[in-house]
1. Any residue in region 191-216 that's more than 12 Å from Ile255 (Cα to Cα): show its pairings with residues that are open to solvent by 60 Å² or more (accessible area, probe 1.4 Å) and part of a loop (DSSP other than H, G, I, E, B) at Cβ separation under 6 Å, as long as the two are six or more apart or on different chains.
2. Scan region 243-278 residue by residue and report those that are over 26 Å from Leu321 (Cβ atoms), open to solvent by less than 60 Å² (accessible area, probe 1.4 Å) and more than 25 Å from the chain's Cα centre (by Cα).
3. Does any residue of region 33-52 turn out to be under 11 Å from Thr87 (Cβ atoms) and in a loop (DSSP other than H, G, I, E, B)?
4. Out of region 153-173, which residues are at pLDDT below 95, outside any strand (DSSP E or B) and either small (Gly, Ala, Ser) or surrounded by 12 or more Cβ atoms within 10 Å (Cβ to Cβ) (or both)?
5. Wholly within region 289-368, which strands (runs of 3 or more DSSP E) include no fewer than the required count, namely at least 2 residues that are open to solvent by 90 Å² or more (accessible area, probe 1.4 Å) and at pLDDT below 95?
6. With the requirement that a residue be assigned to a loop (DSSP other than H, G, I, E, B) and surrounded by fewer than 19 Cβ atoms within 10 Å (Cβ to Cβ), what does region 217-234 give you?
7. Name, by its number, the condition in (1) more than 20 Å from Ile250 (Cβ to Cβ); (2) in a strand (DSSP E or B); (3) of a type in the set (Lys, Arg) that does not hold for Lys148.
8. Quick check, is Glu281 among the charged types (D, E, K, R), in contact (Cβ under 8 Å) with a residue 40 or more places away in the chain, surrounded by fewer than 15 Cβ atoms within 10 Å (Cβ to Cβ) and assigned to a strand (DSSP E or B)?
Amino acid sequence: MSDMSFEQMLEESLKTIHNGEVVEGTVIDVKEDEIILNIGYKADGIITRSEYTNETNVDLRNLVQVNDKMEAKVLKVNDGDGQVQLTYKRLAAEKGNKRLEEAFNTQEVLKAPVVQVLSGGLSVVVDEARVFIPASLVSDTYEKNLEKYAGQEIEFVITEFNPRRRRIIGDRKQLLVARKAEMQKALFERIAVGDTVEGVVKNVTDFGAFIDLGGADGLLHISEMSWGHVENPKKVFKVGDKVTVLIKDINGDKIALSMKFEDQNPWLTASEKYAAGNVVEGKVARMTDFGAFVELEPGVDALLHVSQISHEHVDKPSDILSVGQIIQAKVVDFNGEDKKISLSMKALESAKPEAVEEETVYEDADAE
């Protein structure tokens, strides 16, 4: 019969463990800031909150349940209180590093949430292992504010793996560049000059707007925004607007766009509306010393020569007219081929002196 006590036999039946060893256990209790595991050893294992997660002030009772099975790594066989100090976080990070090393070797595309926005880039976590994505590798365009990526899941590849120096670098930019190249190739294969396509306004400048066509940007010059005159593109478009545009020209990787659709060309019906002899109404758009240009409708301007403003002598149009003024005039010449129309206000005044003279004679006759 054995001389060992029950306690001695129990202790003999229990396994021995060492620092650095990976053990598996069952959760027997969970507190707000620690997890207690039965690891088949004479003492229970303890995982503190800081050794379970990088998140602070998280309640572990919301993350782990009693009877859950867990793997952990032994930090200290005796933490001073007769318990085994364990780490879940570091074991997970080691596994994560192996995962990242494999991804680095195979150039696998990974997807992970952004857990921290830093001044120089983004920090993401893959299986508890951290990856740093420098600001210059976050996007293929300059990103002034990285805060918009907080909490987002993003894709990237590992371009540098050196866990000993804690240097694991991710690159999102090259994925965006590669995808854009594929989209650009597909776009140029399907579009041709004369096509009507949909796009989204990406940027607006004083000289035009850049339209994202889904693979490449096209330039919609200010002169092609309308059949009429556009003074400021920023008053017409804003970033994010959806537009329908015409492919005007393709030169290499440059695409020129237009919104001057031929079926909307106001000169198609101008010969009827503005035939010589017609009386028309228009708005003074701009003036020179020799005359005023009158907008009859968007895209159709006519010249009112200074000599045709009045029967009286006019030195310059601005003495009589102002920009934005609505006037009536008679069409004295229409040239559809050259898109030129000449107006006369004087022609409408020609009958007025005679009418006044007849009225005066009539009144004089009554007086006699």
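The values are calculated or read from the model by the stated rules, or taken from the named source; none is laboratory data. Please read all numbers here as calculations on a predicted model, not as lab measurements. Cβ atoms come from the backbone with ideal geometry, glycine included; neighbour counts cover every protein chain shown. Please note that ligands, DNA and RNA were not included when accessible areas were found on the heavy atoms of the full protein model with its side chains. Shrake-Rupley method; radii C 1.70, N 1.55, O 1.52, S 1.80 Å.
1. Short answer, once both residue conditions are applied: Val201/Val239.
2. Result: Lys260, Phe261, Asn265.
3. Looking through region 33-52, at least one residue is under 11 Å from Thr87 (Cβ atoms) and in a loop (DSSP other than H, G, I, E, B).
4. Matches in region 153-173: Pro163 only.
5. none
6. Selection gives Ser226, Trp227, Gly228, His229, Val230, Glu231, Asn232.
7. (2)
8. Taking the combined requirement at face value, the residue satisfies it.
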